Each structure stands twice: as structure tokens, then as C-alpha cells.
Amino acid sequence: MLTFKAIENFFDRDHVIAAMDETTLKALSKAGAFIRQRARTSMRRRKRPSEPGQPPSVHSGELREYLFFAWDASSRSVVVG
């Protein structure tokens, strides 16, 4: 007779939650890195200000250098800025 232990496969088990947290962290880190890179490459170097709704103009290059992303554990999200 074949028995199936359904209790071990519920999503509220500690090992399932830990695996999901690790997978979520990995996926959101990749997304944060992609968004940061796209934001860096969309900034144009020019002397005049950017138009409303357009990516910012980069005058000295520091804005590109100081753009980071971080995992926010309290909200389980990634912050880019």
C-alpha cells in the first residue's frame, strides 16, 4: 500500500519557508541588479537638464556611481536608489 505524507509538503513548514526565502532573495537580487544597470545606462551625459518624464542628465558622473540596490528584509523587497 502506497502512503503519502501530505503534511511534509505544506508551504508552512520551516524547510519550505527557508527554501522560498532563499529563492526569493536570489530572484529579487537579480532583478535589482538588472534595474540598477538599466538605470545607469539610460542616464545621458549632457549639460542641460532632462525633460520631465525622461531619465536624468548626468553632469559629473557621480549619479551613476552612487546608484545601488539593497534587499529590504522587513518588506521582502528590493530598493534601488
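The values are calculated or read from the model by the stated rules, or taken from the named source; none is laboratory data. This one's a predicted model, so the numbers in the text were calculated from it and none came from an experiment. Positions of Cβ are generated from backbone atoms using ideal geometry, with glycine treated the same way; all protein chains shown enter the neighbour counts. The area values use the complete protein model at the heavy-atom level, side chains included, leaving out ligands, DNA and RNA. Shrake-Rupley method; radii C 1.70, N 1.55, O 1.52, S 1.80 Å.
Pairs linking a residue in segment 43-54 that is under 16 Å from LEU67 (Cβ atoms) to a residue that is in a loop (DSSP other than H, G, I, E, B), with Cβ atoms under 6 Å and 6 or more positions apart or on different chains, are MET43/PRO55; MET43/PRO56; SER50/PRO56.
If you go through segment 21-69 and pick out every residue that is at positive phi and within 13 Å of the chain's Cα centre (by Cα), you end up with 0. Taking the criterion of being open to solvent by 100 Å² or more (accessible area, probe 1.4 Å) and either modelled with pLDDT of 90 or more or not charged (D, E, K, R) (or both), the residues of segment 50-66 that qualify are GLU51, PRO52, GLN54, HIS59, TYR66.
Being surrounded by 11 or more Cβ atoms within 10 Å (Cβ to Cβ), basic (Lys, Arg) and at pLDDT 85 or above holds for only one residue in ARG40, ARG13, ARG76, and it is ARG40.
Listed by first and then second residue, the pairs linking a residue in segment 55-81 that is under 13 Å from THR41 (Cβ atoms) to a residue that is open to solvent by 80 Å² or more (accessible area, probe 1.4 Å), with Cβ atoms under 6 Å apart and 6 or more places separating them unless they lie on different chains, are VAL58/ARG45. Taken over segment 16-37, the criterion of being of a type in the set (Val, Ile, Thr) and either more than 28 Å from ALA73 (Cβ to Cβ) or at pLDDT below 85 (or both) is satisfied by VAL16, ILE17.
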